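Shown next, in C-alpha cells, is the structure this report addresses.
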Amino acid sequence: MLTVHHLGKSQSERIVWLCEELAIPYELKVYTRDPVTRLAPPEYKALHPLGTAPIINDGGIVLAESTAIVEYILAKHGKGALAPASGDAAFVDYLYWFHFSNGSLQPSLMRSMVLSRANVPADNPTVQFADARRKHGLGLVEKRLGAADYLAGDALTAADIVAVFSLTTMRLFFPFDLSPYPNILAYLKRIGARDAYRRAMKKGDPDMAPMLT
C-alpha cells in the first residue's frame, strides 16, 4: 500500500490532499516537528537522504519532492483525474501553474522568510528585491484567478493541489497579508469547501485550522 509520511504543518499536506481527492487507499503516518528547531524529527530525516517533507513509500519505492510525488501518484493511481491530457485546451495552463508554485512562488516566499528571520532591514536592496518578486508572483496568481475559478481553468487540478500550501500553511512560517488579493481569497474559500481538502487537513493537522482567510 502507498504510505504517505506527513510532517505536520508542511508541504506534505499536498500529498494527503491529493490522495483524498483521488479516493485511493493509503496509509498516513504523521510526524511532529521538533519543538525547539521546528524541523523534522530524526526518524523522518532517516526516511530519505533529502530528509524533508513530503516522502512516500510505494512497494519498494521511496520518493521525495512534492511535485515528483504528485506526478508519480497521478501516473500510477490517477486514472486520468486532476491532470488534463496533452490534447486538452487546459493542458498548457495546467503545466505552467503546476510548475509555477515550486518553481517561482514558493522560492520567493522562502527568500522573504529567510531575510525576515535574519532581521535584514526593510530598506536593504535585497529585501526590496525579494518583496517585489513575492508580490509579483502573488499578483500573477491573483490575475489568473480573476479569469478562472482554478489555476488550469474551470476545474480543480493537481496544479491547485501544489499551489495552495504556499497561500495557506506557508503563512505560519512567513506571515503575509492576502487582503490585497480578493481573487485569491475567493479561491481559497472554494478550496475550503471541498470535502477532500477538509478531510486531508483534519487527518494531517487536526490541531490547526486551515489558513484560508
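The values are calculated or read from the model by the stated rules, or taken from the named source; none is laboratory data. The model shown is predicted, which means the values in this text are computed figures rather than measured ones. Cβ placement follows ideal geometry from the backbone for every residue including glycine, while neighbour counts extend to all protein chains displayed. Remember, those area values only see protein heavy atoms, side chains included, never the ligands or the DNA or RNA. Shrake-Rupley method; radii C 1.70, N 1.55, O 1.52, S 1.80 Å.
Restricting the stretch 51-71 to residues that are surrounded by 11 or more Cβ atoms within 10 Å (Cβ to Cβ) and more than 16 Å from the chain's Cα centre (by Cα), the residue that is farthest from LEU18 (Cα to Cα) is GLY51. Does ALA200 satisfy being at pLDDT 95 or above and assigned to a helix (DSSP H, G or I)? Criteria met by ALA200.
Table: residues versus (1) within 14 Å of the chain's Cα centre (by Cα); (2) open to solvent by less than 20 Å² (accessible area, probe 1.4 Å); (3) without any contact (Cβ under 8 Å) to a residue 12 or more places away in the chain.
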{"residue": "VAL114", "(1), (2), (3)": "no, no, yes"}
{"residue": "TYR150", "(1), (2), (3)": "no, no, no"}
{"residue": "GLY153", "(1), (2), (3)": "no, yes, no"}
{"residue": "ALA159", "(1), (2), (3)": "yes, yes, no"}
{"residue": "VAL162", "(1), (2), (3)": "yes, yes, no"}
{"residue": "SER166", "(1), (2), (3)": "yes, yes, no"}
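In the stretch 6-30, what residues are more than 14 Å from the chain's Cα centre (by Cα), assigned to a loop (DSSP other than H, G, I, E, B) and not hydroxyl-bearing (Ser, Thr, Tyr)? Within the stretch 6-30, ALA23, ILE24, PRO25 qualify.
Taking the stretch 72-91 as the search range and keeping residues that are among the hydrophobic types (A, V, I, L, M, F, W, C) and touching a helix residue (DSSP H, G or I) at 6+ places or on another chain (Cβ under 8 Å), which one is least open to solvent (accessible area, probe 1.4 Å)?
Applying the first criterion (among the hydrophobic types (A, V, I, L, M, F, W, C)) to the stretch 72-91 yields 73-75, 81-83, 85, 89-91.
Add one more test, that the residue is touching a helix residue (DSSP H, G or I) at 6+ places or on another chain (Cβ under 8 Å), and what stays is 73-74, 81-83, 85.
On the way: ILE73: 0, LEU74: 24, ALA81: 40, LEU82: 29, ALA83: 34, ALA85: 66 Å².
Restricting to residues being among the hydrophobic types (A, V, I, L, M, F, W, C) and touching a helix residue (DSSP H, G or I) at 6+ places or on another chain (Cβ under 8 Å), the top hit is ILE73.
Within the stretch 31-59, the only residue that satisfies the criterion of being among the hydrophobic types (A, V, I, L, M, F, W, C), in contact (Cβ under 8 Å) with a residue 12 or more places away in the chain and more than 19 Å from VAL70 (Cβ to Cβ) is ALA40. The numbered conditions (1) in a loop (DSSP other than H, G, I, E, B); (2) out of contact with any helix residue (DSSP H, G or I) (no Cβ under 6 Å at 6 or more places or on another chain) are all true for LEU212 except (2). Among the residues of the stretch 19-48, the one identified as touching a Gly at 6+ places or on another chain (Cβ under 9 Å), open to solvent by less than 20 Å² (accessible area, probe 1.4 Å) and closer than 23 Å to VAL164 by Cα is ALA40.
So for the stretch 123-143 (the condition being hydroxyl-bearing (Ser, Thr, Tyr), open to solvent by less than 10 Å² (accessible area, probe 1.4 Å) and at pLDDT 95 or above), does at least one residue qualify? Can you show your working first?
Within the stretch 123-143, the subset hydroxyl-bearing (Ser, Thr, Tyr) is 126.
Okay, now just the ones that are also open to solvent by less than 10 Å² (accessible area, probe 1.4 Å), so none.
Looking for residues that are hydroxyl-bearing (Ser, Thr, Tyr), open to solvent by less than 10 Å² (accessible area, probe 1.4 Å) and at pLDDT 95 or above, one finds none in the stretch 123-143, hence no.
Mind checking whether some residue in the stretch 33-54 is farther than 28 Å from PHE176 by Cα and among the acidic types (Asp, Glu)? Looking for residues that are farther than 28 Å from PHE176 by Cα and among the acidic types (Asp, Glu), one finds at least one in the stretch 33-54, hence yes.
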